[in-house]
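Chemist: Handing you a structure now.
The values are calculated or read from the model by the stated rules, or taken from the named source; none is laboratory data. This is a predicted model, so every value here is computed, not measured. Neighbour counts are summed over all protein chains in view; Cβ atoms, including those assigned to glycine, are modelled from backbone coordinates with ideal geometry. The area values use the complete protein model at the heavy-atom level, side chains included, leaving out ligands, DNA and RNA. Shrake-Rupley method; radii C 1.70, N 1.55, O 1.52, S 1.80 Å.
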Amino acid sequence: MFETFASPAALAEAAAAAVQAALSAAIAERGAGVLVATGGRSPAPIYDLLAQAPLDWSNVTVTLSDDRFVAPTSPDSNERLVRERLLVGKAASAQFTPLSFDVANVKEAALRAEPDVRALAPYDVMLLGMGEDGHVASLIPGSPVMDEGMNPAGERFCLGVPAGAGSPPLARVSMTMPALLQARLTLILISGETKREVVENGSGLPVHALLEQAKAPVRVLWTP
């Protein structure tokens with residue numbers, strides 16, 4: 001299940017190469033590519049590499065699997081990370097579709113994101129992190145909307161997640177499981193023994209639902 005890399009740098013190189021290959025193939029076959037990015041510490045070095053990749057970035061659209069319901073200038077914003085580390089250099093010409101908006105509440109933000117995120121599907125390649133609680137995107141165990149977000153027959157692609165779950169416990173907009181399964185390739189980025197243990201020996205968590213389904217290809221990239 002795990003593709004093991006000796007260092008975070010080696011994992012970043014492999015992930016960046018996989019993303020570049022998927023986007024290149026999409027542009028060649030369909031004239032455009034879609035990348036679903038993620039937040040956290042793991043993807044930043046991947047974004048640094050991708051920003052210099054020789055792709056036709058003007059035909060690439062980037063969105064997010066989830067984002068905090070904060071201003072895009074906030075240090076807690078995944079959009080800020082993507083804009084500062086990925087959408088620079090050669091990748092500056094890519095289009096970006098946000099999840100978080102300056103609206104009254106997180107439910108409104110999710111409703112506003114819904115049509116654009118749905119229109120981008122199917123996504124050519126998706127990067128996901130995983131929390132020590134087994135969450136992916138912001139499908140967080142203990143959240144009052146997790147069951148709705150995990151429902152494989154659900155109709156929504158974007159969901160407002162109220163504050164209180166996750167770290168930091170901020171409100172969030174998240175792709176649902178039906179949206180995550182629209183990816184032609186998903187790369188789950190994991191580091192450390194604790195998270196490996198969760199994947200290998202846990203059960204019933206969002207990450208397991210993603211790994212156990214047969215619709216969308218998933219690779220797990222791990223470094224100690």
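Chemist: Only one of 127, 99, 111 is more than 17 Å from the chain's Cα centre (by Cα) and either among the aliphatic types (A, V, I, L, M) or surrounded by fewer than 24 Cβ atoms within 10 Å (Cβ to Cβ) (or both). Can you tell me which?
Modeler: Details: 127 fails: more than 17 Å from the chain's Cα centre (by Cα); 99 fails: more than 17 Å from the chain's Cα centre (by Cα).
Unique residue meeting the criteria: 111.
Chemist: Looking only at the stretch 4-24, count every residue that is open to solvent by 40 Å² or more (accessible area, probe 1.4 Å) and either at pLDDT below 95 or assigned to a helix (DSSP H, G or I) (or both) and tell me the total.
Modeler: Going through the stretch 4-24 one residue at a time, the tally reaches 7.
Chemist: Out of all the residues in the stretch 25-38, which are buried (at least 17 other Cβ atoms within 10 Å of the Cβ) and either out of contact with any strand residue (DSSP E or B) (no Cβ under 7 Å at 6 or more places or on another chain) or of a type in the set (A, V, I, L, M, F, W, C) (or both)?
Modeler: From the stretch 25-38, those buried (at least 17 other Cβ atoms within 10 Å of the Cβ) are 26-27, 33-38; that's our starting set.
Selection gives 26, 27, 34, 35, 36, 37.
Table: residues versus (1) crowded, with 21+ Cβ neighbours inside 10 Å; (2) within 18 Å of the chain's Cα centre (by Cα); (3) more than 22 Å from residue 34 (Cβ to Cβ).
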position: 144; (1), (2), (3): no, no, yes
position: 155; (1), (2), (3): no, no, no
position: 163; (1), (2), (3): no, no, yes
position: 174; (1), (2), (3): yes, yes, no
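Chemist: Note down all Cβ pairs under 8 Å where the first residue falls in the stretch 80-99 and is within 19 Å of residue 32 (Cα to Cα), the second is surrounded by fewer than 16 Cβ atoms within 10 Å (Cβ to Cβ) and of a type in the set (Asp, Glu), and they're at least six residues apart or on different chains.
Modeler: As it stands, the answer is 97/116, since those pairs meet every condition given.
Chemist: Report every pair of residues separated by at least 6 positions or lying on different chains whose Cβ atoms are under 7 Å apart, first residue within the stretch 157-185 and farther than 23 Å from residue 218 by Cβ and at pLDDT 95 or above, second of a type in the set (Ser, Thr, Tyr) and crowded, with 21+ Cβ neighbours inside 10 Å.
Modeler: Going by the 7 Å Cβ cut-off, there are no qualifying pairs.
Chemist: So residue 55 ticks every box in (1) out of contact with any strand residue (DSSP E or B) (no Cβ under 6 Å at 6 or more places or on another chain); (2) crowded, with 17+ Cβ neighbours inside 10 Å; (3) in contact (Cβ under 8 Å) with a residue 40 or more places away in the chain but one. Which box is left unticked?
Modeler: (3)
Chemist: Cβ-Cβ below 6 Å, separation at least six or inter-chain, first residue in the stretch 112-141 and more than 28 Å from residue 28 (Cα to Cα) and in contact (Cβ under 8 Å) with a residue 60 or more places away in the chain, second acidic (Asp, Glu) and open to solvent by 40 Å² or more (accessible area, probe 1.4 Å): which pairs?
Modeler: Every condition considered, the pairs that remain are 141/133.
Chemist: Can you confirm whether residue 152 is more than 22 Å from residue 70 (Cβ to Cβ) and modelled with pLDDT under 95? Can you show your working first?
Modeler: Values: more than 22 Å from residue 70 (Cβ to Cβ): yes; modelled with pLDDT under 95: yes.
Considered against the rule, which asks whether it is more than 22 Å from residue 70 (Cβ to Cβ) and modelled with pLDDT under 95, residue 152 comes out as yes.
Chemist: Give the residue that is farthest from residue 113 (Cα to Cα), with candidates limited to residues of the stretch 136-164 that are in a loop (DSSP other than H, G, I, E, B), of a type in the set (Gly, Ala, Ser) and touching an Asp or Glu at 6+ places or on another chain (Cβ under 9 Å). Even if it seems obvious, please write down each step before you answer.
Modeler: Here is the first cut: in the stretch 136-164, the residues in a loop (DSSP other than H, G, I, E, B) are 137-138, 140-145, 151-157, 162-164.
With the extra rule that they be of a type in the set (Gly, Ala, Ser), the set shrinks to 137-138, 142-143, 153-154, 163-164.
Then drop every residue that is not touching an Asp or Glu at 6+ places or on another chain (Cβ under 9 Å), which leaves 137-138, 142, 154.
Values: 137: 15, 138: 15, 142: 24, 154: 16 Å.
Per the stated criteria, the residue is 142.
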